[in-house]
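Written below as structure tokens is the structure these notes are about.
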Amino acid sequence: MKIIIAGGDGFCGWPTALYFSQKGHEVAIVDNLIRREWDKELGTQSLTPIASMEDRLSVWQAQSGKSIKFYLGDLQDYDFVEHVFQDFEPEAFVHYAEQRSAPYSMIDREHAVFTQVNNVVGNLNVLFAMKKITPDCHLIKLGTMGEYGTPNIDIEEGYIRIEHNGREDVLPYPKQPFSFYHLSKVHDSHNIMFACKAWGIRATDLNQGVVYGLWTDETKLDERLYNRIDFDGVFGTALNRFCIQAAVGHDLTVYGKGGQTRAFLDIRDTLQCVELAALNPADAGEFRVFNQFTEQFSVLELAQRVQAVAKQMGIEANIAHLQNPRVEKEEHYYHAAHTKLLDLGLKPHLLSDELIQGLIETASRYQDRVSRDVIRPSATWR
Ligand code: UPG
């Protein structure tokens, strides 16, 4: 399959590109490398050292004998997007190329506007180029479980059957996102749903949970293939952050009570899910929604789990309940459906103590790269 990984320099995109390449697909990465600039802006860096895109690709070629094409550019530039579609003629387009941090989108007006313009315009350009050049191409779009928020009823996969005044319909599930970032993904979902209906585009929206873990078979082959992993208060996410915090002797930063419950998955399952979506494409005109996660946990539960594993390793990790920088429920009902990817054959890697131990060990190895100044949350919602 000819497949584009947009955002192929990022935490999910880079391992996905290698995974598809390893499986023998013809892969191209599209990326403007802006994720590296955000590190500089925030005064942070990946825990693991990451090679330049040039080095990444030449090492991969040497290791695997396979080449990955690279298009350097911004999806907001429509001429660039058209060029990519014309030149590569993809059968599937995996779209990770968005600003993905909720706290980043909440820093100030500029960051909120940037996030929404970058994400919404880039996605629209992909839809228009797809319609014009490769109308049969399957759009695999990374959405987020954060589109749904935390309603007091079960969360369904994209749609819900509703009875109202004696009539019944299947309608898009209500969206109550957590941040301007999560809202950008809701806007994307609406735009894609409309494009499917109006133009017959085929699309799968993968409403992904919080991703944890780091290593995949391909990224651990050589230090220059290593994936990035974030510890800072803006891009770092719950479980990975707790493991790194334990390794460097920082309090585990639970926001508020920690009863916030979210959907989670191992990065290896991100790759499996995207592959399952690609191998089983949506029908022409279909806007398909999968909830992409394997387990749900509260934030406090995860911190306690990390604390217990750290203890076995001889590390005393303290759990701190910081004042919550976000506006979110800290105690709530949460139960989200996630059967569609399992039905397609997903074999989940459930959270294990070994994985937590491995992350703590990796973080200990690179602890000199961790600046403690950027660990506490800096952006607030209020
Ligand atoms: N949280 C803490 N302490 C931390 C970090 C987070 O208590 O140090 C809480 C936070 O308040 C929230 C929950 O953990 O309730 C999840 O936050 P986080 O791990 O930062 O994930 P999200 O903000 O939901 O965003 C991540 C990705 C995003 C993706 C989403 C999927 O950054 O791109 O869409 O997960 O749910």
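The values are calculated or read from the model by the stated rules, or taken from the named source; none is laboratory data. Model, not experiment: these values are computed from the prediction. For neighbour counting, all protein chains shown are included, and Cβ atoms are generated from backbone atoms with ideal geometry for every residue, glycine included. Ligands, DNA and RNA are excluded from the accessible area calculation, which covers all protein heavy atoms including side chains. Shrake-Rupley method; radii C 1.70, N 1.55, O 1.52, S 1.80 Å.
Results, tabulated for the structure shown:
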{"quantity": "In region 218-242, the residues that are away from the ligand (no atom under 11 Å from the Cβ) and in contact (Cβ under 8 Å) with a residue 60 or more places away in the chain", "calculated": "Glu218, Thr219, Leu221, Asp222, Glu223, Arg224, Leu225, Tyr226, Asn227, Arg228, Ile229"}
{"quantity": "Among (1) open to solvent by 10 Å² or more (accessible area, probe 1.4 Å); (2) more than 16 Å from the ligand (Cβ to nearest atom); (3) under 18 Å from the mean Cα position of the chain (by Cα) - the single one Phe93 does not satisfy", "calculated": "(1)"}
{"quantity": "Within region 358-382, considering residues that are assigned to a helix (DSSP H, G or I) and open to solvent by 70 Å² or more (accessible area, probe 1.4 Å), the one nearest to Val211 (Cα to Cα)", "calculated": "Glu361"}
{"quantity": "Selection count, region 16-43, where residues are assigned to a helix (DSSP H, G or I), surrounded by 24 or more Cβ atoms within 10 Å (Cβ to Cβ) and of a type in the set (A, V, I, L, M)", "calculated": "2"}
{"quantity": "Close pairs from region 344-358: first more than 14 Å from Ala246 (Cα to Cα), partner among the basic types (Lys, Arg) and exposed (fewer than 15 other Cβ atoms within 10 Å of the Cβ), Cβ under 8 Å, at least 6 apart", "calculated": "none"}
{"quantity": "Criterion violated by Arg100 - all others in (1) touching a residue at least 40 places away in the same chain (Cβ under 8 Å); (2) away from the ligand (no atom under 16 Å from the Cβ); (3) open to solvent by 10 Å² or more (accessible area, probe 1.4 Å); (4) assigned to a loop (DSSP other than H, G, I, E, B) satisfied", "calculated": "(2)"}
{"quantity": "Meets criteria (among the charged types (D, E, K, R) and either within 10 Å of the ligand (Cβ to nearest atom) or under 15 Å from the mean Cα position of the chain (by Cα) (or both)) for Arg262", "calculated": "yes"}
{"quantity": "Scan of region 233-245 for residues that are closer than 14 Å to Ser371 by Cα and over 16 Å from the mean Cα position of the chain (by Cα), ordered by number", "calculated": "Gly233, Ile244, Gln245"}
{"quantity": "Condition check for Asp343: surrounded by fewer than 16 Cβ atoms within 10 Å (Cβ to Cβ) and farther than 30 Å from Ser189 by Cβ", "calculated": "no"}
{"quantity": "Answer from Asn324, Asn318, Asn291 - the residue that is within 30 Å of Glu26 (Cα to Cα) and either among the polar types (S, T, N, Q) or modelled with pLDDT of 95 or more (or both)", "calculated": "Asn291"}
{"quantity": "Residue match in region 139-148 (condition: open to solvent by 70 Å² or more (accessible area, probe 1.4 Å) and either in contact with a Gly (Cβ under 9 Å, 6 or more places away or on another chain) or closer than 22 Å to Asp283 by Cβ (or both))", "calculated": "no"}
{"quantity": "Members of region 163-184 that are more than 16 Å from the ligand (Cβ to nearest atom) and charged (D, E, K, R)", "calculated": "Glu163, Arg167, Glu168, Asp169"}
